[in-house]
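Just below is one structure, and these are the notes that go with it.
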Amino acid sequence: MASDPGARTLLPPPLAPARNSQALNAPTPNGPGANTQDPADGGEFADGGTEPPFGGEAMSPDPAAMRRVCGHFTTGVTVVTAVADEGWIGATVNSFTSVSLDPPWVLFCLRHDSRLLTAIRAEGQFAVSILAAGQSGVAMDFAAKGLPSFDGLDCLTGTTGAPVLRDSVGYLECRLAEEYPGGDHRIVVGAVTALGVLGERTAADRDDPLTFYRGRLARLDKECER
């Protein structure tokens, strides 16, 4: 079995560099080429230019621009799973987030034509595996076309019956609580019924999550100093 085509768009392709990277460098307030007009007033600059007052590259919010800009927001990576008529089904999802601690709610987004979404609606429950740094191959497999294959994966099952990937950083089992329209996606809200952290890993991979940034899977380098 293998991934859900309705979820593939959550992983955008690698992004091309900006055509005008120099435009991202705003002029110094008092240096050469500085803007002598208050940007808040709008209109042209003193040198006759019409660059955006913040020095960035303004784009129309079309799908390509959304992918490009939102790709700069680093996320974690999960595999969401459920039980379907044909067996286990799952998809790679990076739109997962915590909504509320009390009550314990989470959400993620799937395309409206997602087979995983159909299974979640039918069963009323699902599981979320938070992927570890060493699971990039799993993330790619569950983001590919076709139905996801669980062959060779070490899985656990709990009250939902949906598989949890044992090598993950942690997991949540959820009951479908709410569903909302979200443009070309549906916003799925789950009420957490069980959760936990998983397994011992090597020193290099222990507790390190898999991340997604600018169309590429990555791992954390180090924590910032507080």
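The values are calculated or read from the model by the stated rules, or taken from the named source; none is laboratory data. Keep in mind the model is a prediction, meaning the values are calculated, not measured. Backbone-built Cβ (ideal geometry, glycine too); neighbour counts: all protein chains shown.
Of note:
- Selection count where residues are in contact (Cβ under 8 Å) with a residue 40 or more places away in the chain, surrounded by fewer than 16 Cβ atoms within 10 Å (Cβ to Cβ) and within 23 Å of residue 174 (Cα to Cα), scope the stretch 121-150: 3
- Scanning the stretch 74-120 for residues that are loosely packed, with under 15 Cβ neighbours inside 10 Å and not β-branched (Val, Ile, Thr) gives 85, 86, 87, 98, 100, 101, 102, 103, 112, 113.
- Among the candidates 165, 217, 153, 210, residue that is at pLDDT 95 or above, crowded, with 17+ Cβ neighbours inside 10 Å and in contact with a Leu (Cβ under 7 Å, 6 or more places away or on another chain): 165
- Residue within the stretch 147-167 that is in contact with a Phe, Trp or Tyr (Cβ under 7 Å, 6 or more places away or on another chain) and part of a strand (DSSP E or B) present: yes
- Scanning the stretch 123-143 for residues that are in contact with a helix residue (DSSP H, G or I) (Cβ under 8 Å, 6 or more places away or on another chain) and over 16 Å from residue 86 (Cα atoms) yields a total of 2.
- Evaluated against (1) over 18 Å from residue 104 (Cα atoms); (2) without any contact (Cβ under 8 Å) to a residue 60 or more places away in the chain, residue 164 falls short on exactly one condition, (2).
- With respect to the conditions (1) in a helix (DSSP H, G or I); (2) under 18 Å from the mean Cα position of the chain (by Cα); (3) under 16 Å from residue 176 (Cα atoms), residue 136 lacks only one, and its number is (3).
- For the stretch 185-200, the candidate set comprises residues that are modelled with pLDDT under 90 and surrounded by fewer than 16 Cβ atoms within 10 Å (Cβ to Cβ); within that set, the residue that is farthest from residue 123 (Cα to Cα) is 200.
- Complete set of residues in the stretch 117-139 that are more than 15 Å from residue 154 (Cα to Cα) and modelled with pLDDT under 95: 133, 136
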